[in-house]
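The structure under discussion appears below in the form of structure tokens.
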Amino acid sequence: RVIKDFMVQAGDPESKSADSTARLGSGGLGYTIPAEIKFPELYHKRGALAAARLGDMANPERASSSCQFYLVQGKCFTDQELDEVEQRLNMVLRSTVPFKYSEAQRRQYKTFGGTPHLDGQYTVFGEILSGMNVVDAIQSVETGKADRPKKDIKVISMKILK
């Protein structure tokens with residue numbers, strides 16, 4: 001799936017043999033991975049790599065997909081928009097101590113972008129260190145039904161750094 005100014009999702013095993021009209025994004029390996037949400041340390045800044053999952057109604061534990069992931073592109077936010085996200089997060093997270101973005105997080109979201117409305121709800125497990133231009137190029141492709149690119153895009157290689 002490709003949603004401009006939001007994210008690129010990949011990893012559906014059904015995509016390997018699907019025809020061009022198939023709806024993708026719900027395939028899996030028959031199991032999930034327990035959530036490892038480490039917010040606010042890891043958050044949905046531009047370039048974040050996170051695990052896809054089923055929604056809260058079907059998945060209240062927020063367990064991650066065994067294979068699907070997404071790359072955050074997002075958009076830039078204003079201070080007012082970030083204040084609104086904080087208010088929503090405080091309702092969702094129900095923490096005894098109200099959450100506030102740090103100045104560094106605010107600067108990241110205002111200058112480079114991201115998807116702060118996903119913070120605290122999905123497992124962020126990595127970050128794109130180089131090659132964000134590839135995600136930007138993918139964001140420009142034409143999409144059809146269910147945000148599927150009209151022409152298939154394949155992950156050919158990646159390098160994992162620790």
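The values are calculated or read from the model by the stated rules, or taken from the named source; none is laboratory data. Just so it is clear, the structure is predicted and the values come from calculations on it, not from any experiment. As a convention, Cβ positions derive from the backbone with ideal geometry for all residues, glycine included, and neighbour counts pool all protein chains shown. Surface areas here come from the heavy atoms of the whole protein model, side chains and all, with no ligands, DNA or RNA. Shrake-Rupley method; radii C 1.70, N 1.55, O 1.52, S 1.80 Å.
Given the criteria surrounded by fewer than 20 Cβ atoms within 10 Å (Cβ to Cβ) and closer than 22 Å to R148 by Cβ, does R23 qualify?
Numbers: surrounded by fewer than 20 Cβ atoms within 10 Å (Cβ to Cβ): yes; closer than 22 Å to R148 by Cβ: yes.
When the stated conditions are applied, R23 passes them.
Give the range 31-45 a look and list any residue that's buried (at least 16 other Cβ atoms within 10 Å of the Cβ) and either in contact with a Gly (Cβ under 7 Å, 6 or more places away or on another chain) or more than 26 Å from K100 (Cα to Cα) (or both), or say none. Steps first, please.
First pass over the range 31-45, keeping only residues buried (at least 16 other Cβ atoms within 10 Å of the Cβ): 32, 35, 37, 39, 42-45.
Residues satisfying the conditions are T32, I37, F39, H44, K45.
Within the range 46-58, is there a residue that is farther than 30 Å from N133 by Cβ and either open to solvent by less than 30 Å² (accessible area, probe 1.4 Å) or part of a helix (DSSP H, G or I) (or both)? Show your work before the answer.
To start, the set of residues in the range 46-58 that are farther than 30 Å from N133 by Cβ comprises 54-58.
Subsequent filtering for residues that are either open to solvent by less than 30 Å² (accessible area, probe 1.4 Å) or part of a helix (DSSP H, G or I) (or both) retains none.
No, there is no match, as no residue in the range 46-58 is farther than 30 Å from N133 by Cβ and either open to solvent by less than 30 Å² (accessible area, probe 1.4 Å) or part of a helix (DSSP H, G or I) (or both).
Given (1) at negative phi; (2) touching a residue at least 40 places away in the same chain (Cβ under 8 Å); (3) surrounded by 11 or more Cβ atoms within 10 Å (Cβ to Cβ), identify the lone condition not met by S140.
In the conditions (1) at negative phi; (2) touching a residue at least 40 places away in the same chain (Cβ under 8 Å); (3) surrounded by 11 or more Cβ atoms within 10 Å (Cβ to Cβ), S140 misses (3) alone.
Which members of the range 14-33 meet the condition of being out of contact with any helix residue (DSSP H, G or I) (no Cβ under 9 Å at 6 or more places or on another chain) and over 23 Å from E61 (Cα atoms)? So that I can check it myself, show each step before the final result.
Step one: of the range 14-33, the residues out of contact with any helix residue (DSSP H, G or I) (no Cβ under 9 Å at 6 or more places or on another chain) are 14-20, 30-33.
Across the range 14-33, the qualifying residues are E14, S15, K16, S17, A18, D19, S20.
In the range 118-155, how many residues are of a type in the set (S, T, N, Q) and part of a loop (DSSP other than H, G, I, E, B)? Working first, answer last.
First pass over the range 118-155, keeping only residues of a type in the set (S, T, N, Q): 121, 123, 130, 133, 139-140, 143.
With part of a loop (DSSP other than H, G, I, E, B) added as a condition, the list becomes 121, 123, 130, 140.
Within the range 118-155, residues that are of a type in the set (S, T, N, Q) and part of a loop (DSSP other than H, G, I, E, B) number 4.
Of the numbered conditions (1) open to solvent by less than 20 Å² (accessible area, probe 1.4 Å); (2) within 17 Å of the chain's Cα centre (by Cα), L82 fails exactly one; give the number of that condition.
(2)
Does any residue in the range 82-109 that is modelled with pLDDT of 95 or more come within less than 8 Å, Cβ to Cβ, of a residue that is open to solvent by less than 100 Å² (accessible area, probe 1.4 Å) and basic (K, R) six or more places away or on a different chain, and which pairs are these?
These pairs meet every condition: L82/R106; L82/K110; Q105/K45; Q108/K45; Q108/R46; Y109/K45.
Take the residues in the range 86-131 that are under 24 Å from S64 (Cα atoms) and among the acidic types (D, E), then tell me which one is most open to solvent (accessible area, probe 1.4 Å).
Checking each candidate, the answer is E127.
Does L42 fit the bill of being of a type in the set (A, V, I, L, M, F, W, C), at pLDDT 95 or above and outside any loop (DSSP other than H, G, I, E, B)? Spell out the reasoning first.
On the way: of a type in the set (A, V, I, L, M, F, W, C): yes; at pLDDT 95 or above: yes; outside any loop (DSSP other than H, G, I, E, B): no.
For L42, the condition - of a type in the set (A, V, I, L, M, F, W, C), at pLDDT 95 or above and outside any loop (DSSP other than H, G, I, E, B) - is not met.
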